[in-house]
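Everything below concerns the one structure shown next.
The values are calculated or read from the model by the stated rules, or taken from the named source; none is laboratory data. All values reported here derive from a predicted model rather than from experimental measurement. Please note that ligands, DNA and RNA were not included when accessible areas were found on the heavy atoms of the full protein model with its side chains. Shrake-Rupley method; radii C 1.70, N 1.55, O 1.52, S 1.80 Å.
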Amino acid sequence: MHEFKYRIDESFSGRQVQQFLKSKGYSRSIITSLKHNERLLCNGEHIRTIDLLKTGDLLTVILEDKNFVNELKNGKFTKNP
């Protein structure tokens, strides 16, 4: 299991968690899996993909998919349009 932590800056303040994740290259299927398995935390608390982020929030993504983890670490994933 791997955790990725993101500090939210003002450019994503007021935007949904799913929008932020898509901008980081997470696929719709990965986002759905994170949502259904409660693998998204904001400031240590469970958060939904439709919830809004604020400047300074700490978003934690907990991943188990080793292929995606490797792609994310190596910057070799393809961003969704």
Check: Are any residues in region 1-47 farther than 15 Å from residue 62 by Cα, in a helix (DSSP H, G or I) and open to solvent by 80 Å² or more (accessible area, probe 1.4 Å), and if so, which ones?
Finding: 10, 22, 28
Next item on the list: Mind counting the residues in region 48-67 that are acidic (Asp, Glu) and either open to solvent by less than 60 Å² (accessible area, probe 1.4 Å) or assigned to a strand (DSSP E or B) (or both)?
Entry: 2
